[in-house]
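Heads up: the structure comes next, in structure tokens.
The values are calculated or read from the model by the stated rules, or taken from the named source; none is laboratory data. Because the structure is a prediction, the values reported are computed rather than measured. Reconstructed Cβ throughout: ideal geometry from the backbone, glycine too, with neighbour counts over all protein chains shown. In case anyone asks, the SASA skips ligands and DNA or RNA and just uses the protein heavy atoms, side chains included. Shrake-Rupley method; radii C 1.70, N 1.55, O 1.52, S 1.80 Å.
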Amino acid sequence: MEFLSLTRGRGIGANSYLLDLDGTRVVLDAGMHPREEGSASLPEFSRIGDGQVEAIFVSHSHLDHIGALPLAMRKFPHAPVYMTEGTAELGAAMLHNSVNVMTAKREELGISDYPFFTHRELDLLERVWECRALERPFTVGGMTCRFHDAGHIMGSVGLHLEIPGHSVFYTGDVNFEDQSVSRSAAFPRDHIDTLVLEATRGAVERPSGFSRQGEIERLGEWIRRVLGRGGSVLIPVFAVGKTQEILVSLHGLRQRGRIPSCPVFIGGLSTKMTSIVDRFADRVPRQESGLRILDAMDLQVTSRRRGGELRYSAGCVYALSSGMMSENTVSNRFALQFLDNPLNAVLFVGYTDPESPAGLIRRACQGDLLRLDPREEPVALQCDVETFDFSGHATREDLVLFAREVEPSKILLVHGDDDAVEWLRTTLMRELPQAEVWAPEPGESVSLG
């Protein structure tokens, strides 16, 4: 029995792992690295060799977990692909959008391998995805499998795999706290032999007295202040998960009279993803079951196909993707006409890679000239910048608590930068001295016993 990391590098990126339980080999996720281009963005499926793979499991629809799925399916055409219905709907839209992005980058960056797959191929692959419900067992080879709600985004799951004498739990991306849309994870607390644990927030110490509702109120205070002085607010958001969480938070603030009624703009891929989430309003575990976000908020939807670039207006909230403000996204282009106005504010609500345009803004000082796109002139940062904690990932304390409850014999730390992994490794070794704690290197195989 072994676990093999298929990632090309340490840290958060192209998540993919091979698990072999007494000869039944399965792939856990098949992601594409959001900060790399070409083949460097992909897992190294070649490490698996030409042997049989019994199945591919997808934990959720973010591209760093599903972006390379068509390539994994091409390499292992007979392996069924399992996910939830919500992940299938969101994931299909994400992958079709990825084709469009790669096609554009083929021309812009000269990457001849792009796109790695086509819309036509995706249409065919989607037909053979197999959706499974939460908590209901199914079998793959000699394994019994169950999905459990991970509380990260709609459709996200942790995966429980069991053979006689050994059990494995893969958390995927997990959140053990309620969010504005998603409920907290519903993971089993029975003993697990091997725990594959995400480490995203291992380096983040949460302030004393923090609460998510308090953070929502603080967001409302900033919006009131900026709108009151005649400015506007830009909130860069990821299309799946963060967009919907922020919109529902704004809806609650508006209902309670905490922010004034004002135009709220969304743009990029966020609109399509929110419409999919709305279709599942009565069908998945969530807060405010039945709330359809697009109907409830009367949003202003932006699209380049409807008349060109979004133009700035005072007195508005702009919740625009992408959350990293990557080049040629709506939030990046809009920032070029937004940052130099001292009445405005950029409010960050999620993770930003330090090397991304969003990371550049967060590190900058007032008056700095920022080049957000190499094809554009730099813009001076004159507006306010503030950061909020609306993470969809579990706190490091909750990760340790979960590990203590399931008492694993072996813990494998994945999906975390070096400092995050190191904090969890040392803490878990202290808290669970009976457990072996591993942080597998790319390509490293770990025996499970």
0 to 90° range, to nearest 10: angle between helix 418-431 axis and the chain longest Cα axis:
50
Rounded to the nearest 10 degrees, what's the angle between the helix 242-255 long axis and the longest principal axis of the chain, both from Cα atoms, 0 to 90?
50
Given an 8 Å cut-off on Cα distances and at least 6 residues of separation, report the relative contact order of segment 329-449 as a percent.
21
Value of relative contact order over the chain, rounded to a whole percent, pairs C-alpha under 8 Å and six or more apart
17
With a ≥ b ≥ c taken as the square roots of the eigenvalues of the C-alpha gyration tensor of segment 386-425, please select rounded if a/c is under 1.5 and otherwise prolate if a/b is larger than b/c or oblate if it is not?
oblate
Size of the dipole of the chain about the Cα centre, Lys and Arg at +1 and Asp and Glu at -1 on the beta carbon, nothing else charged, in debye to 20?
1400
Could you point to the residue in 17, 159, 214 farthest towards the positive end of the chain's charge dipole, with +1 and -1 charges on the Cβ of Lys/Arg and Asp/Glu respectively?
214
The answer for the chain, accessible area per residue at 1.4 Å probe in Å², is 40
At R0 = 45 Å the Cβ-Cβ FRET efficiency linking residue 407 and residue 225, nearest 0.05, sits at 0.40
Charge dipole (debye, nearest 20) of segment 1-127; +1 at Cβ of Lys and Arg, -1 at Cβ of Asp and Glu
200
Roughly what angle does helix 396-406 make with the longest principal axis of the chain, taking Cα atoms, 0 to 90 degrees, to the nearest 10?
30
Could the peptides 284-292, 119-127 be put in order, highest first, of the mean number of other beta-carbon atoms found within 10 Å of their residues?
284-292, 119-127
In nanometres, what is the gap between the two model label sites at residue 211 and residue 133, each 7 Å from Cα along Cα-to-Cβ?
3.6
Per 5 Å bin, what is the whole-percent P(r) computed from every C-alpha pair distance within segment 251-386?
2, 9, 17, 20, 20, 14, 10, 5, 2, 0
Mind checking the dipole of segment 377-449: about its Cα centre, +1 per Lys or Arg Cβ, -1 per Asp or Glu Cβ, Debye to the nearest 20?
440
Take the solvent-accessible surface of the protein heavy atoms, probe 1.4 Å, and return the percent of it on segment 210-275 that carbon and sulfur atoms account for.
54
Determine, for each peptide in 74-85, 315-326, 128-139, the mean count of other beta carbons within 10 angstrom over its residues, then list the peptides with the highest first.
315-326, 74-85, 128-139
Output for segment 294-398: trypsin sites (Lys or Arg not before Pro) sitting in coil per DSSP, at most 16 other Cβ within 10 Å, listed by number, reads 311, 371, 375
Between residue 2 and residue 375, with labels modelled 7 Å along Cα→Cβ, what's the label distance in nm to one decimal, could you check?
4.5
Students often forget the sequence filter, so: which lysines lie under 24 Å Cα-Cα from residue 272 once same-chain residues fewer than 8 apart are removed?
105, 242
How big is Rg to Rh over segment 56-100, alpha-carbon atoms, Rh as the Kirkwood inverse-mean-distance radius?
0.94
Can you tell me how much longer the chain between residue 39 and residue 100 gets when fully stretched, taken as 0.36 nm per residue apart minus their C-alpha distance, in nm with one decimal?
20.2 nm
When the helix-only estimate is applied to the chain (DSSP H runs of n ≥ 4, each -39,500 (n - 2.57), divided by the residue count), what is the mean residue ellipticity at 222 nm, nearest 500 deg cm²/dmol?
-8500 deg cm²/dmol
Order by protection proxy (mean Cβ within 10 Å, highest first), peptides 248-258, 62-72:
62-72, 248-258
Shape category assigned to segment 219-318 from the gyration tensor of Cα positions, a/c cut at 1.5:
oblate
